Each structure stands twice: as structure tokens, then as C-alpha cells.
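Structure first, then comments.
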Amino acid sequence: MTLDTDTIDPTGPTDVPFDSALSERYLVYAMSTITARSLPDVRDGLKPVHRRLLWAMRLLRLDPASGYKKCARVVGDVIGKYHPHGDQSVYDAMVRLAQTFALRYPLVDGQGNFGNIDGDNAAAYRYTEARLTQVAIDLMDGLDENAVDFRATYNGEDEEPELFPGLFPNLLANGAAGIAVGMATSIPPHNAAELIGAAVALIDNPQVDVLDYVRGPDFPTGGKVVDSAAAIREAYATGRGSFRVRAKIEKVNEKGGGWHLIVSEIPYGVQKGKLIEGIAELINEKKLPILGDVRDESADDVRIVLEPRSRTVDADTLIESMYRLSDLEVRVPLNLNVLDARHTPRVMSLHEALSQWLEHQFIVLRRKSEHRLSKIADRLELVAGYIVAFLNLDRVIEIIRTEDEPKQVMMAEFQLTDRQAEAILNMRLRSLRKLEEMELKREQAGLEKEKAELELLLSSDARQRTRMKRDLGKLLERYGFETVLGARRTLIEEAGPTREIPLEAMIEREPITVILSQRGWIRAMKGHVEDMSGEALKFKEGDGAFLAFHAQTTDKLLLAADNGRFYTLAADKLPGGRGFGEPVRLMIDLEGERSIVALLPASASPRLLVAASDGRGFVVKAEDVIAETRKGKQVVTPRTGAQLRIVRPIAPEDDAVAAIGDNRKMLVFPLSEVAELARGQGVQLQRYRDGGLSDVRTFRMADGLSWAMGGDTGRTRTEADLTPWRAARGAAGRMPPTGFPRDNRF
């Protein structure tokens, strides 16, 4: 076997550091991604793939007045001649240009299945057809007038425009999105009429505030931008920010007092199918109990029906909840990162982006004018030759008939140029009419006039500004607010941030009776049950009633354990009252050896009196003991050997405290002497030599102290004169009044 030395690189392999070789190659890739794939050009708002798609369609003569052609034909031309990438990625880009819910001003007119707002994909390109829209024609206006430079295609067989010269403000009107290497862009669509108005104002005053004309984004799907004017101004001034976009929701009243909500416009970029799935998930997972059902009744227009759980639900609360918990409110980012005229990526303000686009349009205007001047000069040269021929028609005919080289003879005799002589020789006999001569002279006069006007235009900046405003005015006739395409779709309507909806507002308020057994089984019976005997108080064998009280499904229930830890239960989450209920320890992380001291609604009183078995206690706000997790919140920290014994709500009118110990000594003192804390051990309420605290309560001194007589009579006894038991907090007290219950409980 012989080695062909001709195929060996004489220089051989080169040793280079791996990190430098990698960084150099990655930098080339990154720059290619940034400048030739992902970021749009500030001048025409297009990426290369979109520009090549529209250019290929133009060469196929797919203008709005022509018929449609298969998208496969367009994609084939694009990837074969201009864009050597995957056919699916090119077709996906083409599909987006045709989607009325994705582009504010579609550039492609599609026929067939081009996807929908639900998120369904378009049909394959062999099934769909397309042609250009008038917007695309406006964007490409001037390609035949040397308005922009052309470059060779990737294989050198053809050429393509470097950018489009048209006057339509595509970058901001249709927006753009893309992710490059180390940078990204996200530009929402805007209203073309507003952009044109701002551009006209910029022509007169380059320092004008463009936000006096551009109110904010204008999405193809409508909706509402609810940011403040200051927030919108800040985003446009820096080129970075975001916009809060909400769906359009309306309340519809029904016969009989019922109502429902209709969503007719959804935020930009939200797929309707996924939106409805998300709302249905809120219902299934009971994250939004006040919402009963969601239905999609959409046809050509969006129509989503939201049914409340009941007619008593507050509509504003449901709407706020939908904005907060679903994609009916989203944030649309703004990152105005584009390529400038030198293909340098940078973030621009709205003013700068509009100014650079306008600067490009002036360049296009001058190039088109210069191109027209050259065409006029060429035509004037020929017209002048034709006129010479008509003035000397008999001699010209004679030269043609008699001379062997008529061209050279005419050039010498009449001082004609080569092009003029050639044109005269190519004239048809039918053109040799007197009328044709008159027409030529009129054409010459018209061309001379147009030439003078163009020369004046090119020599005067003021005339160029006037011409630009006139051209923008003509464009405004097509995209003005009064047109179907130009009318603003998105409202700019400031609204505050979505508020935190309280639990009570999310739950339908219904009366319940909460029952807790001695062994810690809990249940909730519907309604406020008055008769707590018989069937209502059935318990497991060996178990019995511990606590029972009336509450509402909107209540938070406070459960206190003897270690001073408080737990919070949601009343609407309690098991029903048909069976024995469920162990409360399954709902909270209550240690097995700990016993339950109290269970009461948090709404029973704004303040609670808590006391341990050693007689120490304090006043605490009910809101301070509400726990957010299953682990609860440590509120009382009893001393060694002591336990939490009493949790009592304090009535607003109470001004005194009565405490009684195991030694059957009672003490009365002002409530103001008890400290109000968020957590801790508290202060000494009553002093004991033996035993500890048996019971404590608050009351209104003017009403006296009352207690039950015992037995089945239901009578109470009131001691009005409490002077013998009144003392300072922390005293020992004295024996209670005659007839006080033997269990030492108030």
C-alpha cells in the first residue's frame, strides 16, 4: 500500500491552546447567530429568514391581486436559493407571518390551515397556499428603484436585497422576538397609525416626545394594557421593561338574578387551549372555589364563559381572582435589542428606534430620487434623438436607404450618441406620425420638469422633509385609525396590581356547626345545629363530645395545644358531619402526646386571653396566632412543668379579669394590668402557694360576674359587688362567693 503524498497538508497540524481555539470558533458562531439569524434590523424590522421568504414570494409574483401558490413551492425556493436551513424552520417562520393572532399586520395571506389561537399547528406545507399582503408590498416598495443594496446569495448564483426599503414601520408595528447567544430581543406590536404620527412629528422636531403619539402596544388579540403612564414611559425610555396585559372580561346578567362572565379578548401570546386547561385545573384543584365552570364557546371570535359557583359570588372578586391566578393577565416583555445601520446589536429607546428608521427612509428617498434622475437622463437622451429624427425625417430615411453604415453617418451628421442612433434605427414605421412627434415633445417637457423637481429635492433638506411627510400621509390613508386594519385594538387603561383576595372572599359563606370529640376527631355539620343530642352527637365507642360551636365556612379555626402552640384550620376544609369525621392530627402536625386545650373561630374576638397552669398569661391579638403552615406557631412558652390551660376570647366591652386557682381562691383585677404580647410567658395573673390556675375569664365590671347555677335549670347567678375580691394583679385572692361551682370553672 502506497501513501499519496499529494493529499498531505505540507504545513501539518498546528498546536493551539484548546481554550483559545474554542473561544475563537464559538465567537464566530455567536456573531453569526446575533447578526444573521436572531435579531431584527431596525430599518425594516425583519430577520434574514423573513426577508428571504418575502423576496422569494415577490419573485414568484405572489402579489395580493394574483392567485395563491403552494407554500411548498415558496419554501423550496427559499431553502434552495437563499436560506440553506431546515425546511420546517423556514415554513414555521412563514406560518407566523400569516397568523392574524401573531402579527398585528400580517405580511403573508395564507389559504388553508395556518394554525389557530388554541395552539394547534399549521397543516403541512404541501396542503397550504399563500400570497403576499398589501403590507408586504408596502414594505418592499422601492426594490426596483435602487433604494437598497443587493448582495450575492450563499452560492453566488443569484442576489438578494440586504434589507427592504418600504415606508411601512414594520419593526415596531409587528414587533419581533428572538434569542441569540448572550442576548435576546422582545418587541411587542404597536399601532401603525400612531407610529406614522410620531414619525411625522419627528421630521418637524427631532427632539419631540414620541409618547405623545405612541400610547403603548397594540396587540392583534386586543386586551388591555393596565400599566401606569409612568411605567410605560420608563420602559420606552430605556428600551427594557414589560407590560401588564389583561383579557377583556364582561359581566352578563341572566334572567332570575344569575350572571356569568364572558372573555372576548385574551392576552397576546397566550394559547386559548392552554388558558382554558389552566382555568379548569383551578376548579379541579379547588384553588378557586368561587368559580363553578368554564366553557369554550369560541367560533371565529374568542368567547370563553366563566360560571360562578353561585349567584351570591361577588363578580369583581371573581374577576380579580382570575387575573391573579390564571393567564388572563400576563406580562409581555419589552427588550428593544436590534441591529442598527452598521449591524451592531444594541438596546434602543422607542425614540431612537423611530429616529433610525426615519433616517433610513430619508436615505431611501434620496437613492430612489437619484435612480429616477438617471432613468430620466437616459430617456431624455433617447427622446432628444427621436426629436432630431422627426425634424429631419426625410434625410434620416434617405441615409437609412442609401448608406451602408447609416448609424455612423447619422451620428456624424446630426451629432447623435451611439444610443440615440441605435434607437432611431430601431424605430417602427408606425411611429413615424406627426402625432408621435408632438407626444415626444410633451414627454420631453414633462421629463425636464420632473428632473428639475428631483434636483431641487436632492439639494434641499426642507423639500425632503416635506416629501417624506407627504409620503407618510399617503401611507396613513391605508393604515389610519378609521380603517379596519388600522383601528386600535388594545386599550390603554391603568389599573392597580391584582390584590390579594382574602380567603373569606374565595369561599361561599355557609353556616356550619363544628364538633370536636375527646379523642380529637373533628367534623362540620351543615347549618347551625341547635339540638346537639341524639344523632348529631354520635361518636365512636369510648369517645365523646369535647367542643361544639357555630361557625361559618369562611372562618379560620384556631386550635391551641397544651404546649402553647397554635394551629390554624380552614373551616371549609373540614370533613362533613355524616360520619365520625377525621382525626384532626391528620390536618396539622400535632404531636401525639399533646392534648387540645381550645378550638374556636379566629373571628370570635380580635383579642384573646391566654394563660398557663402556673397562673402566668397575657393578651394576644387573634391575627398574631394564625399559623400559615401545618407546623403551627408557638405563641405561649410555658415555664418548665407548666402547660397552656386557658384560651378565652375577649369581648370589646370587657375591662376586668377574674381568675380562680385550684386552691379555690378567686381574684379580680383590671384587664389593663395584663400585658399584650405577640408571644412569650406573660405576666403573673394570680399567685398560688399550692396548685395552679383553674380558670380565668374577662368581663365587664359594671355588669358583675355571672356563673351557671348547675343542674338542668339553666339559671345563672350574678355577683354585682366584687369589692372583696378586687386586688392588684398577682395577688393570692380569697374564697369565691357562696354558690360558686365546685369545679372551679366560670
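Classify the range 248-327 as rounded, prolate or oblate from the Cα gyration tensor: take a ≥ b ≥ c as the square roots of its eigenvalues, call it rounded if a/c is under 1.5, otherwise prolate when a/b beats b/c and oblate if not. Since a/c reaches 1.5 but b/c is at least a/b, the shape of the range 248-327 is classed as oblate. Note on the chain: semi-axes of the ellipsoid equivalent to its C-alpha gyration tensor, largest first and rounded to whole Å, are 89, 28, 25.
When the range 71-217 is described by a simple charge dipole with +1 on each Lys and Arg Cβ and -1 on each Asp and Glu Cβ, the residue from L103, N191, Y82 located farthest towards its positive end is L103.
Taking θ as phi - 60° and the Karplus parameters 6.51, -1.76 and 1.60, the scalar couplings of the range 81-95 work out to 10, 10, 10, x, 10, x, 5, 5, 5, 5, 5, 4, 5, 5, 4 Hz in sequence order, x denoting glycine and proline. A straight chain from V484 to L456 at 0.36 nm per residue would run longer than the Cα-Cα distance by 6.3 nm. Axis angle, to the nearest 10 degrees, between helix 229-238 and the longest C-alpha principal axis of the chain: 50 degrees. Computed from Cα atoms, the angle from the helix 434-459 axis to the main principal axis of the chain rounds to 50 degrees.
In sequence order, the range 286-296 has phi-based couplings of 6, 7, 9, x, 7, 9, x, 7, 9, 10, 9 Hz under the Karplus curve 6.51 cos²θ - 1.76 cosθ + 1.60, θ = phi - 60°, and Gly or Pro positions carry x. The label-point distance for E439 and E530, in a model that sets each label 7 Å from Cα toward Cβ, rounds to 10.8 nm.
Taking amide H atoms as placed 1.01 Å from N in the peptide plane, the amide H of I249 has no partner under 5 Å among residues 5 or more positions away or on other chains.
Is the shape of the range 31-187 best called rounded, prolate or oblate, per the rule: a/c under 1.5 gives rounded, else a/b larger than b/c gives prolate, else oblate, with a ≥ b ≥ c the square roots of the Cα gyration tensor eigenvalues? Note, shape of the range 31-187 comes out rounded. Ordering K224, K474 by the number of other Cβ atoms within 10 Å of each residue's own Cβ, fewest first, gives K474, K224.
For F539 and E510, the FRET efficiency from 1/(1 + (r/R0)^6), where r spans their Cβ atoms and R0 equals 22 Å, is about 0.35. Summarising the label geometry, the points placed 7 Å from Cα in the beta-carbon direction at H85 and D703 lie 7.9 nm from one another. Of the residues R489, R616, the one with the fewest other Cβ atoms within 10 Å heads the list, and the complete ranking is R489, R616.
Does the range 509-600 come out rounded, prolate or oblate by the C-alpha gyration tensor, with a ≥ b ≥ c the root eigenvalues, rounded set by a/c under 1.5 and, if not, prolate when a/b is larger than b/c and oblate if not? The shape class here is oblate. Site pair A299 and N155 shows an inter-label distance of 4.9 nm when each label is modelled 7 Å from Cα along Cα→Cβ. Between the listed residues L358, L476, L416, the Cα displaced farthest toward the positive end of the dipole of the range 353-489, a dipole computed from Cβ unit charges relative to the Cα centre, is found at L476.
Here the chain is treated with +1 on each Lys and Arg Cβ and -1 on each Asp and Glu Cβ, and its dipole about the Cα centre works out to around 3000 debye. Along the range 641-658 the Karplus relation, 6.51 cos²θ - 1.76 cosθ + 1.60 evaluated at θ = phi - 60°, assigns HN-Hα couplings of x, 9, 9, 5, 10, 10, 10, 10, x, 9, 5, x, 8, 5, 9, 9, 10, 10 Hz to successive residues, with x for each Gly and Pro. Which angle between 0 and 90 degrees, to the nearest 10, do you get for helix 272-284 versus the longest principal axis of the chain when only C-alpha atoms count? Result, in degrees: 0. Close amide H contacts of A731 (hydrogens built in the peptide plane, cut-off under 5 Å, sequence separation of 5 or more or a different chain): R687. Ordering W357, W259, W707 by the number of other Cβ atoms within 10 Å of each residue's own Cβ, fewest first, gives W259, W707, W357. Computed from the C-beta positions of R126 and I626 and an R0 of 51 Å, the FRET efficiency is 0.20 to the nearest 0.05.
In this calculation the C-beta distance from R346 to R419 is compared with R0 = 35 Å, giving a FRET efficiency of 0.15.
We did not get these values from a lab; they are worked out from the coordinates using the rules stated. Here the structure is a predicted model, which is why all the values come from computation and not from measurement. With ideal geometry, Cβ positions are generated from the backbone for all residues, glycine too; neighbour counts draw on all protein chains shown.
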